[in-house]
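The values are calculated or read from the model by the stated rules, or taken from the named source; none is laboratory data. None of the values given here were measured: they were computed from a predicted structure. Here the Cβ positions follow ideal geometry from the backbone for every residue, glycine too, while neighbour counts run over all protein chains shown. The protein model used for the area step is the full one, side chains on, heavy atoms only, and it has no ligands, DNA or RNA in it. Shrake-Rupley method; radii C 1.70, N 1.55, O 1.52, S 1.80 Å.
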Amino acid sequence: MANKTGNNAHTLNRRRFLLETAVTACGVSLFGAGLAFYARQAKGLPPLVVRPPGALPEADFLGACIRCGLCVRDCPYNTLRLAELGEAVAIGTPYFVARAIPCEMCEDIPCIKACPTGALNHELTEITEARMGLAVLVDQETCLNFLGLRCDVCYRVCPLLDEAITLDAQHNRRTDKHTMFLPVVHSDYCTGCGKCEYACVLEVAAIKVFPQQLVKGKLGEHYRKGWEEKEKAGGSLIKGIIDLPDRLPEGGL
Amino acid sequence: MKQFKWLLLRRLMQLLVLGVFLLGPWFGVWIVKGNLAASLTLDTLPLTDPYVSLQSLLAGHIPEIIGLLGALIVVIFYLLVGGRVYCSWVCPINIITDAAASLRERLDIKNTIQFSRTSRYWILGMSLIVSWLTATIAWEFLNPVSMLFRGIVFGMGLTYGIVVAIFLFDLLLSHRGWCGHLCPVGAFYSILGKFSLLRVNANQRDQCDDCMDCFRVCPEPQVIKPALKGTASPIILSPNCTNCGQCIDVCKQDVFRFGTRVLNLSKNDR
């Protein structure tokens, strides 16, 4: 008899234990699912936020950056800051806003050297090869050069003058006798430092730096540019002229 | 004074850790740079949080050697002194939850949501799995410990809200709820300190007069009983003990003292 009740108590205890474990496991799983959704969402970067030089692509960055702020501390220009709770950037991660303080492109890249995790890739040793973002002249209606003036400020302040931004001379059709010098950004050279956006004289900058993936197009892998192929081959790829039959509208011209 | 000895030492240490990190940004004296996630002391000593590093590894990222080295140094330190020394001697949230617990007692608030003390290990496991699944350092999106510390050193933002939330949670909803039941950082450091050398022991347990003061002040009271009331070793061996020393402070019979897992330190004094 005593043995029986003992067994019962044992079963009850086990049942209670299993139930409590199930409740905890269930609660924590739900919590975890919420956290996972939040983590995935956090990978979106707001458009005007720029990561420090050498930052891994955003999807990898959030698994690599431990939010220690050592890059912030070693930035000599106080450009970098850590995202605070409530900001749209993943909390604790380093970023800068070009219009506030742009990157001065230090030759020794102290922010990368300070990073203990490699979230800022230590393989980047040449600052001109950094791709923090890409400058885009977003508003041709307000850019003074597009209005026919010689502002040129973005072009002048660019650390890669005549490479990352060039001036493209075009006929001014409004006055019909002047030339417009249109700033053109070249993604082969632009590091996304943001000096152009910072220096733009307008109340709201007409040229802005965006994350690369937001603004950069991509040709199909199979696309070939005829003129480049021709140069590579050292001549036309097609032997002789293909003469297609002329087609005229019925009844002649 | 004696009855607050370890409490005062702990608060001093917690403020000292914060203070040394603040010397740089406030006064331009750069002894330490960074925060609790990773820091560099005197441009030579790297320290990295091993729990954050583990999540990063699971997210698929291998850190630089200096980051791994920093984590190794921290791991070795807490292997010796007890993982949860981090909780009671370093963590800034501890000050908040201790305050909530003492106010809770003063206001005589009895009702509490009872979480299992193993919840934190579940949450720890969950944070590691989510880190792996989402390739992010998942707990750092929520971790109030790093949020508060980073907030003080780098800029608070809305972190005050988190601090108030934790305080109210521990005060009104759950007795010692956060640090004692849910926080996976504490769970991680518990596991880390499972075999640690430094331990509180109840070597004078025959002097115990059952006043229950130690159980009342202890943030993890379940750890005391086997050592104080059992017949086996008087050493508190549970990895959940935070080595805060409050039992030593509060005991009028001088039952407890710091020692090691094998022999007592300072056997003859006091």
- Message: I want to make sure I understand the PRE zone here: with the label point 7 angstrom from the Cα of B:D210 toward its beta carbon, which residues in the range B:222-265 have backbone N atoms less than 13 Å away?
- Response: B:229
- Query: Where does the range B:15-65 land on Rg/Rh, using Cα atoms and the Kirkwood Rh?
  - Reply: 1.07
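Work out the length of the dipole vector of the range B:197-269 about its Cα centre, built from +1 on the beta-carbon of each Lys and Arg and -1 on the beta-carbon of each Asp and Glu, and round it to the nearest 20 debye.
240 debye
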- Message: Beyond a 32 Å Cα-Cα separation, which of these cross-linked pairs lie in this structure: A:K177/A:K232; B:K110/B:K225; A:K177/A:K230; A:K177/A:K225?
- Response: A:K177/A:K232; A:K177/A:K230; A:K177/A:K225
- Message: Which one, B:W132, B:V163, B:L8, projects farthest toward the positive side of the charge dipole computed for chain B from Cβ point charges (K/R +1, D/E -1)?
- Response: B:L8
- Item | Cα-based Rg / Dmax (Å) for chain A | 29.4, 115
- Rounded to the nearest 0.05, what FRET efficiency do B:L79 and A:E104 have when you use their Cβ-Cβ distance and R0 = 60 Å? 0.90
- Query: Among the lysines, which fall within straight-line cross-link reach of A:K208, defined as a Cα-Cα distance under 16 Å, with same-chain neighbours fewer than 8 residues apart omitted?
  - Reply: A:K195, A:K216
- Query: Taking the Cβ-Cβ separation of A:K113 and A:W227 as r and a Förster radius of 51 Å, what is the calculated FRET efficiency to the nearest 0.05?
  - Reply: 0.75
- Note on the structure: Nearest 10, in degrees from 0 to 90: the angle of helix A:2-41 to the longest Cα principal axis of chain A is 10 degrees
- Ranked by GNM mean-square fluctuation in chain B (Cα springs under 10 Å), the top entry among B:R199, B:R176, B:R106 is B:R106
- Query: List the aspartates and glutamates whose alpha-carbon lies under 12 Å from that of A:K43, not counting same-chain residues fewer than 8 positions away?
  - Reply: A:E58, A:D60
- Please sort by residue number the GluC sites (Glu not before Pro) in the range A:73-144 whose DSSP state is loop and whose Cβ has at most 11 other Cβ atoms within 10 Å. A:E107, A:E123, A:E126, A:E141
- With every protein chain left in place, what is the accessible area of B:K194 in Å² (1.4 Å probe, nearest 10)? 100 Å²
- Note on the structure: Accessible-area order for A:H222, A:H186, largest to smallest, probe 1.4 angstrom, reads A:H222, A:H186
- Just give the residues from the range B:30-68 buried by at least 40 square angstrom of accessible area in the all-chains context relative to the isolated chain, probe 1.4 Å, and say none if nothing qualifies. B:K33, B:A38, B:H61, B:E64
- Task: Please arrange B:V17, B:V52 by accessible surface area, largest first, computed with a 1.4 Å probe and ligands excluded.
- Result: B:V17, B:V52
- Task: Keeping the other protein chains in place, figure out the carbon and sulfur percent of the accessible area of chain A, with a 1.4 Å probe.
- Result: 55 percent
- Message: Please give me the summed charge of the neighbours of A:G148: other residues whose Cβ is under 13 Å from its Cβ, Lys and Arg +1, Asp and Glu -1.
- Response: +1
- Query: How large, in Å, is the protein assembly as shown by the Kirkwood hydrodynamic radius built from its alpha-carbon pairs?
  - Reply: 27.3 Å
- Kindly point out which whole DSSP H helices in chain B project their C-alpha atoms 27 angstrom or further along the helix axis while averaging a Kyte-Doolittle hydropathy of -0.5 or above. B:5-27
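Can you tell me the dipole magnitude for the range B:50-115 around its Cα centre, using point charges on the Cβ only (Lys, Arg +1; Asp, Glu -1), in Debye to the nearest 20? Let's see the in-between values first.
Details: 4 positive and 4 negative charges, 36 e Å.
Dipole of the range B:50-115, to the nearest 20 debye: 180 debye.
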- Message: Nothing charged except the Cβ atoms of Lys and Arg (+1) and of Asp and Glu (-1): what's the magnitude of the dipole of the range B:5-191 about its Cα centre? Round to the nearest 20 debye.
- Response: 500 debye
- Task: Summarise the partner chain shielding of A:109-118 as one whole number: the mean count of Cβ atoms from other chains within 10 Å of each residue's Cβ.
- Result: 5
- Report the local net charge at B:M147: Lys and Arg +1, Asp and Glu -1, summed over other residues whose C-beta lies under 15 Å from its C-beta. -2
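What value, in deg cm²/dmol to 500, does the helix sum -39500 (n - 2.57) over DSSP H runs of n ≥ 4 give at 222 nm once divided by the residues of chain A?
-9000 deg cm²/dmol
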- Item | Proximal lysines to B:K229, defined as alpha-carbon separation beneath 18 angstrom and excluding residues fewer than eight positions away on the same chain | B:K252
- Which order, highest average first, do B:6-16, A:167-177 follow once you tally other Cβ atoms within 10 Å for each residue and take the mean per peptide? B:6-16, A:167-177
- Query: When N is the residue count of the range B:5-191, what does its C-alpha Rg come to as a fraction of 2.2 N^0.38 Å?
  - Reply: 1.04
- If you average the sequence gap of Cα pairs under 8 Å that are 6 or more apart and divide by the length of the range B:5-191, what percent do you get for the contact order? 27 percent
- Solvent exposure of the range B:92-156 as accessible area per residue, Å², 1.4 Å probe: 40 Å²
